[in-house]
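Where a number appears in this text, it was derived from the coordinates with a stated rule and is not lab data. Predicted model only: the values in this text are computed from it and were never measured. Cβ placement follows ideal geometry from the backbone for every residue including glycine, while neighbour counts extend to all protein chains displayed.
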Amino acid sequence: MSYAVCITGHRPPGLPGGYDGSDDLSTFICSVVEQFYTQGYRKFVSGGALGADQIFARAVLMSKHPDIELIIARPFPSQASKWPDKSQQEFERICTAADEIVDVSPDPYSPAKMQIRNKWMVDHSGCVIALWNGKESGGTWNCLSYAREQGKTIYHINPFTLAVNII
């Protein structure tokens with residue numbers, strides 16, 4: 001999957017617009033997907049979590065390109081089981097529309113499985129898009145640290161200013 005790109009990023013409330021993202025953020029992520037598509041990327045990997053992962057997944061699903069693929073890398077099969085009903089329904093909609101679902105680890109939940117999923121996404125992608133506020137702690141930071149160790153190019157998007165930097 002060298003022509004795959006994955007997303008990492010914050011969960012609500014670390015994003016403007018909460019679960020669905022602000023209109024500006026969602027529109028911007030759609031344009032980012034389009035830019036990566038024009039660069040030859042056809043596979044887009046999302047961890048499916050609330051916030052950045054789902055905003056990214058929806059942007060891929062909105063693409064008009066018939067050869068674009070959405071891969072959902074779930075940390076474990078029952079990932080959404082404790083989410084609010086509305087969030088579970090949205091996740092089910094995304095999974096139904098995805099081209100592939102990969103269960104990286106078996107049930108049940110454990111916090112370590114989130115990082116195992118992040119490593120899988122980085123290992124199966126040529127580069128990483130990070131919807132990241134710059135805070136050097138938490139799951140997004142752990143994923144970015146691993147991506148750096150693996151020599152991946154990281155496209156950092158500040159979720160509040162939409163400024164992009166390559167790190």
Quick shape check on segment 75-167: root eigenvalues a ≥ b ≥ c of the Cα gyration tensor, a/c under 1.5 is rounded, otherwise prolate if a/b tops b/c, else oblate, and it reads prolate
Where the centre of each part is set by its Cα atoms, how far does segment 65-101 sit from segment 112-131, in angstrom?
-> 16
Picking from THR38, GLY17, ILE154, whose Cα lies most toward the positive end of the charge dipole for the chain (charges on Cβ: Lys, Arg +1; Asp, Glu -1)?
-> ILE154
From the square roots a ≥ b ≥ c of the eigenvalues of the alpha-carbon gyration tensor of the chain, which class results: rounded (a/c under 1.5), prolate (a/b over b/c), or oblate?
-> rounded
Chymotrypsin sites (Phe, Trp or Tyr not before Pro), restricted to segment 79-125: which are DSSP loop and have at most 16 other Cβ atoms within 10 Å?
-> TYR109
In sequence order, what are the phi-derived ³J(HN,Hα) couplings for segment 103-119 according to the Karplus relation 6.51 cos²θ - 1.76 cosθ + 1.60 with θ = phi - 60°, rounded to whole Hz, with x for glycine and proline?
-> 8, 6, 9, x, 5, x, 4, 7, x, 4, 5, 5, 6, 4, 4, 4, 5
What's the tally of Lys pairs in the chain whose alpha-carbon atoms lie under 23 angstrom apart, where the two lysines are 8 or more places apart or on different chains?
-> 10
Can you tell me the order of 134-143, 45-54 when each peptide is scored by its average per-residue count of other Cβ atoms within 10 angstrom, highest first?
-> 45-54, 134-143
Evaluate the charge dipole of segment 1-61 about its Cα centre and quote only its size in Debye, nearest 20, assuming +1 on the Cβ of each Lys and Arg and -1 on the Cβ of each Asp and Glu.
-> 260
Taking the chain and counting helices only, DSSP H stretches of n ≥ 4 at -39,500 (n - 2.57) each over all residues, the nearest-500 ellipticity at 222 nm comes to -12000 deg cm²/dmol
Sorting SER137, SER125, GLY48 by the position of each Cα along the dipole of the chain (Lys, Arg +1; Asp, Glu -1; all at Cβ), the one nearest the positive end of that ordering is SER137
So, over other residues within a Cβ distance under 10 Å of VAL104, counting Lys, Arg +1 and Asp, Glu -1, the net charge is +3
Only Lys, Arg (+1) and Asp, Glu (-1) charged, at Cβ; segment 38-77 dipole about Cα centre in debye = 40
What does the charge add up to near ILE94, with Lys and Arg as +1, Asp and Glu as -1, over the other residues with Cβ less than 10 Å from its Cβ?
-> -1
If you add up the charges near PHE44, with Lys and Arg at +1 and Asp and Glu at -1, over every other residue whose beta carbon is less than 12 angstrom from its beta carbon, what do you get?
-> -3
Calculate the dipole size of the chain relative to its Cα centre from +1 charges on Lys and Arg beta carbons and -1 charges on Asp and Glu beta carbons; express the result in debye to the nearest 20.
-> 300
Using θ = phi - 60° and the Karplus relation 6.51 cos²θ - 1.76 cosθ + 1.60, list the HN-Hα couplings for segment 76-86 in order, rounded to whole Hz, with x at every Gly or Pro.
-> 6, x, 8, 3, 8, 4, 9, 6, x, 3, 4
Sparse-neighbourhood loop sites, trypsin sites (Lys or Arg not before Pro) in segment 36-91 - DSSP loop, at most 11 other Cβ within 10 angstrom | LYS64, LYS82
In a Gaussian network model of the chain with springs linking alpha carbons closer than 10 Å, the residue among ALA147, ALA112, ALA98 that fluctuates most is ALA112
